[in-house]
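Below you'll find the structure, written out as structure tokens, and then a few comments.
The values are calculated or read from the model by the stated rules, or taken from the named source; none is laboratory data. Keep in mind that what you see is a predicted model, and the values were worked out from it rather than measured. In this analysis, Cβ positions are derived from the backbone assuming ideal geometry, glycine residues included, and neighbour counts consider all displayed protein chains. Heads up: the accessible areas ignore ligands, DNA and RNA and are worked out on the full protein's heavy atoms, side chains in. Shrake-Rupley method; radii C 1.70, N 1.55, O 1.52, S 1.80 Å.
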Amino acid sequence: MKMRDRKTFLRRFTRDCQNVYEPAEDSELLLECALKEVRKSDSVLEVGTGSGFVSYFLQERCSFLLATDINPHAARCARSFGIECVITDLARGIKKRFDLILFNPPYLRLEDWERRGDWLEKAIDGGKDGVEVTVRFLEEIADNLSENGRIIIISSSTTFDSLRDYLSRSKYEWEIVGKKKLFFEELYALKLRLKL
């Protein structure tokens, strides 16, 4: 992938996509790990695609790619980059099974005074303990995994303990497959599979 391609994507995003989460370090980490994981034969689902940044660079590296987002502005933005995107909450209503499922969930714990009730809040507010949305995703998404399906999700050191507590008693086995250190937190990419 050429750096120029990323710059072109971000320039178009800035010009054409309002009310949509801007690709950031967590988007980059998800993309890096997805590129290492994806196989040409994979059917891929990106949940909460936002701008479509990750899907845009994966769509020619797999056999099939579908994206979702609850934000209609995000779906429109992703479609403008040629990505098939469904407006839905997580993956509700999607019956297909996928080999690789990607999710950069909202993982911040917003205080009441920080809430604005807009689309960008939905992209960053992880709910209770910062993991409420991630846990709901993991509870619901198992039916969309193929027999040997893999999930890659992003987590933050600020909420990772709560997520690890959930995972320790969940139906998933998991490992950390990527990290990115920022000045105020560390980001983790987790690869999950259903326990046998």
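Structure notes:
- A Cβ distance below 8 Å, combined with a sequence gap of six or more or placement on separate chains, defines the contacts here; from region 140-154, residues that are on the phi < 0 side of the Ramachandran plot reach residues that are of a type in the set (Val, Ile, Thr) and open to solvent by 30 Å² or more (accessible area, probe 1.4 Å) in the pairs Ile152/Val177.
- Number of the condition not met by Leu45 [criteria: (1) in a helix (DSSP H, G or I); (2) surrounded by 21 or more Cβ atoms within 10 Å (Cβ to Cβ); (3) not small (Gly, Ala, Ser)]: (1)
- Region 138-196, residues that are of a type in the set (D, E, K, R), assigned to a strand (DSSP E or B) and either open to solvent by less than 70 Å² (accessible area, probe 1.4 Å) or out of contact with any strand residue (DSSP E or B) (no Cβ under 7 Å at 6 or more places or on another chain) (or both): Glu147, Arg150, Lys180, Lys181, Glu186, Lys191
- Residue within region 87-99 that is open to solvent by 20 Å² or more (accessible area, probe 1.4 Å), without any contact (Cβ under 8 Å) to a residue 24 or more places away in the chain and in a helix (DSSP H, G or I) present: no
- Restricting region 60-82 to residues that are within 15 Å of the chain's Cα centre (by Cα) and in a loop (DSSP other than H, G, I, E, B) leaves a set whose member that is surrounded by the fewest Cβ atoms within 10 Å (Cβ to Cβ) is Ile70.
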